[in-house]
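Working notes for the structure below.
The values are calculated or read from the model by the stated rules, or taken from the named source; none is laboratory data. Predicted model, so just to flag it, every value in this text is computed and none were measured. A quick note on method: Cβ atoms are made from the backbone with ideal geometry, for glycine too, and the neighbour counts reach across all protein chains shown.
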Amino acid sequence: MKLFSAWFYSALNIISGLVVLPLVLKNFDVEQVNVWFLFFTIVSLSELVVFGFNVTFSRFVSYTIAGVPFNKFQTIRDNSVANETINVNLQLSQIFTISTLLFLCLACLYLVVILLVGYFALAKPISFLETPSNGWVAWYVLVFGNFFRIITYVFPIFLQGMNKMTIYYNVQSAQKATYLVVALYVFYFAPSLINLSLAMAIAIIFSSLLFSYYFVKFKGEITFSRFNKTLFYVIWDSAWKSGITKIMAPIIQHISGVIFAQTSLPALSASYLLTLRVFNLLQQFSDVTFDTFIPQIAMLRSRNRFDQLSKLIFRVCALCYAVYVCGYLVFILFGSYALDLIGSSSNFAAPHVIALFSFAYYFNRLGGFQLNLSNQANDVIEHKALLIYSILYFGCLFIFIDDLDMWIFPFALILAQVGTYFFTLPRSYKSYNTNFLQAEKFSFIPMLIMLMVINFFYL
């Protein structure tokens with residue numbers, strides 16, 4: 001049921017994109033399209049403010065429900081099993097108290113960071129609008145919606161940790177459905193950047209309120225408790241490593257769109273951002289399939305049930321790779337036709353750029369999944385992998401600084417991702433007692449061959 005809910009959310013997410021995106025392209029001029037995609041890009045960077053606390057809290061909630069005391073969280077990576085009993089409600093209450101106070105502070109930090117970043121990144125693109133003030137109002141509406149979401153972030157995190165994934169994705173689906181309905185109303189009666197931003201903010205606030213309702217329904221005896229400094233230090237020891245990744249990974253993923261918008265004409269920038277948006281949707285569809293099983297993986301790993309764990313991971317990863325490749329095939333077969341059908345003012349990037357992006361995001365699937373699996377053993381190595389990744393990525397951009405053509409960005413992503421494999425993959429496979437060939441011979445490798453064949457005929 002939870003997998004169906006995840007897929008339904010992903011399908012609704014894509015349907016929303018297929019409906020709203022053409023309407024944006026049809027009703028907005030090139031300058032407005034460019035600004036709207038930049039809104040998405042910069043808002044995506046807001047995830048860096050949560051600094052890895054979301055995944056850490058969710059994982060520690062799963063550990064607690066599995067009966068692991070917080071002073072044993074760090075030894076899970078050593079395959080040790082806790083044999084002492086704990087007060088689950090008390091430990092969950094302590095995690096709830098820390099997370100609630102923390103996200104309140106992070107929401108305030110978000111306002112400062114996102115307004116500064118938005119001011120410098122949007123000044124030039126918004127200046128091309130017929131009415132620049134409307135562009136700024138639309139931006140502030142989006143900022144407020146995301147501010148409210150961060151304040152209430154603790155509720156979906158606990159639902160995930162409790163393995164209430166069906167409810168989690170149902171609420172996410174409700175958010176997408178709300179956005180879709182309100183956006184259709186906007187395009188029919190009063191299409192504008194402000195109204196479309198308002199539609200998104202309404203959907204975000206609505207879903208946040210739903211998450212809070214379901215948390216209250218399932219929280220049991222979880223209440224505010226005394227702030228536990230020792231537990232906070234345990235959380236921080238894992239969170240700061242994930243936090244560095246949470247800060248840099250979205251920047252690396254989306255910085256190309258911001259740079260390209262500053263150095264190219266609006267038409268070229270819109271084409272690039274449109275292509276990037278499609279691949280982000282494909283990645284999200286693959287991610288939700290994997291994320292659905294994260295609480296179950298964390299619980300199995302904390303109890304060292306490796307036989308069940310390995311079978312589950314092999315099956316889930318194979319499914320995720322297949323979902324990505326099938327989604328890409330649908331895109332290259334019908335994407336351009338869909339743009340022609342709606343009379344879009346923007347086009348996708350050139351075929352060779354699209355092919356490079358397909359490999360960049362596919363290699364990202366392997367690296368991302370394995371880092372996530374390593375995290376479930378509380379062996380957080382993201383920060384070290386990120387250092388390697390950043391050196392390779394920005395080094396590649398620096399080499400081609402005098403000629404930043406569109407293809408350079410996906411090429412740099414491929415180089416950076418593959419370059420981290422030599423460090424991350426052996427460590428990750430060791431965390432659940434396997435190796436690359438055993439883990440990927442029926443999943444990553446055959447789907448990579450399939451992707452190569454598809455691109456051979458596409459080009």
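Return yes when Ala261 is in contact with a helix residue (DSSP H, G or I) (Cβ under 7 Å, 6 or more places away or on another chain), at pLDDT below 80 and surrounded by fewer than 22 Cβ atoms within 10 Å (Cβ to Cβ) and no when it is not.
Values: in contact with a helix residue (DSSP H, G or I) (Cβ under 7 Å, 6 or more places away or on another chain): yes; at pLDDT below 80: yes; surrounded by fewer than 22 Cβ atoms within 10 Å (Cβ to Cβ): no.
Taking the combined requirement at face value, the residue does not satisfy it.
Mind telling me which of the residues Ala199, Ala174 ends up being at negative phi, at pLDDT 90 or above, part of a helix (DSSP H, G or I) and surrounded by 19 or more Cβ atoms within 10 Å (Cβ to Cβ)? Before the answer, list the steps.
Numbers: Ala174 fails: surrounded by 19 or more Cβ atoms within 10 Å (Cβ to Cβ).
It is Ala199.
Please enumerate the residues belonging to segment 125-149 that are among the hydroxyl-bearing types (Ser, Thr, Tyr) and in a helix (DSSP H, G or I).
First, the residues of segment 125-149 that are among the hydroxyl-bearing types (Ser, Thr, Tyr): 127, 131, 133, 140.
The answer is Ser127, Ser133, Tyr140.
Just to verify a result, which residue in segment 264-284, among those that are crowded, with 21+ Cβ neighbours inside 10 Å and at pLDDT below 80, is farthest from Phe400 (Cα to Cα)?
My answer is Ala270.
Please work out which residue is nearest to Phe53 (Cα to Cα), limiting yourself to segment 107-149 and to residues that are surrounded by fewer than 15 Cβ atoms within 10 Å (Cβ to Cβ) and among the small types (Gly, Ala, Ser).
Ala123
Among the residues of segment 223-234, which ones are part of a loop (DSSP other than H, G, I, E, B) and either within 16 Å of Phe70 (Cα to Cα) or touching a Gly at 6+ places or on another chain (Cβ under 9 Å) (or both)?
Of the residues in segment 223-234, the ones part of a loop (DSSP other than H, G, I, E, B) are 223-228.
Hits for segment 223-234 are Ser225, Arg226, Phe227, Asn228.
Within segment 387-395, can one find any residue that is at pLDDT 85 or above, under 22 Å from Tyr321 (Cα atoms) and among the small types (Gly, Ala, Ser)?
no
Within segment 187-195, is there a residue that is buried (at least 16 other Cβ atoms within 10 Å of the Cβ), in a helix (DSSP H, G or I) and small (Gly, Ala, Ser)? Step through it out loud before you land on a result.
Within segment 187-195, the subset buried (at least 16 other Cβ atoms within 10 Å of the Cβ) is 187, 191-195.
From what is left, the residues that are in a helix (DSSP H, G or I) are 187, 193-195.
From what's left, small (Gly, Ala, Ser): none.
So far as segment 187-195 goes, no, none of its residues is buried (at least 16 other Cβ atoms within 10 Å of the Cβ), in a helix (DSSP H, G or I) and small (Gly, Ala, Ser).
Can you give me the number of residues within segment 394-410 that are surrounded by fewer than 23 Cβ atoms within 10 Å (Cβ to Cβ) and part of a helix (DSSP H, G or I)?
Step one: list which residues in segment 394-410 are surrounded by fewer than 23 Cβ atoms within 10 Å (Cβ to Cβ), which gives 394-408.
Next, only the ones that are part of a helix (DSSP H, G or I) stay: 394-399, 408.
The qualifying residues number 7.
Pull up segment 376-388, narrow it to residues that are of a type in the set (A, V, I, L, M) and not in a helix (DSSP H, G or I), then point me to the one that is farthest from Phe357 (Cα to Cα). Show your work before the answer.
First, the residues of segment 376-388 that are of a type in the set (A, V, I, L, M): 377, 380-381, 385-388.
After this cut, where a residue has to be not in a helix (DSSP H, G or I) as well, the list is 377, 380-381.
Values: Ala377: 31, Val380: 27, Ile381: 25 Å.
The qualifying residue farthest from Phe357 (Cα to Cα) is Ala377.
What number of residues within segment 318-352 are more than 22 Å from the chain's Cα centre (by Cα) and assigned to a helix (DSSP H, G or I)? Don't jump to the end; show me each part of the working.
Within segment 318-352, the first condition is being more than 22 Å from the chain's Cα centre (by Cα), and the residues that meet it are 332-352.
This time we only want the ones that are assigned to a helix (DSSP H, G or I), so: 332-342, 351-352.
Adding up the residues that qualify gives 13.
How many of the residues in segment 287-305 are farther than 20 Å from Phe73 by Cα and in a helix (DSSP H, G or I)?
Of the residues in that region, 5 qualify.
Please go through segment 205-241 and give me each residue that is closer than 15 Å to Thr152 by Cα, in contact with a Leu (Cβ under 9 Å, 6 or more places away or on another chain) and without any contact (Cβ under 8 Å) to a residue 60 or more places away in the chain, ordered by number.
Within segment 205-241, Phe211, Tyr214 qualify.
Name, by its number, the condition in (1) in a helix (DSSP H, G or I); (2) within 21 Å of the chain's Cα centre (by Cα); (3) not basic (Lys, Arg) that does not hold for Ile391.
Ile391 satisfies every listed condition except (2).
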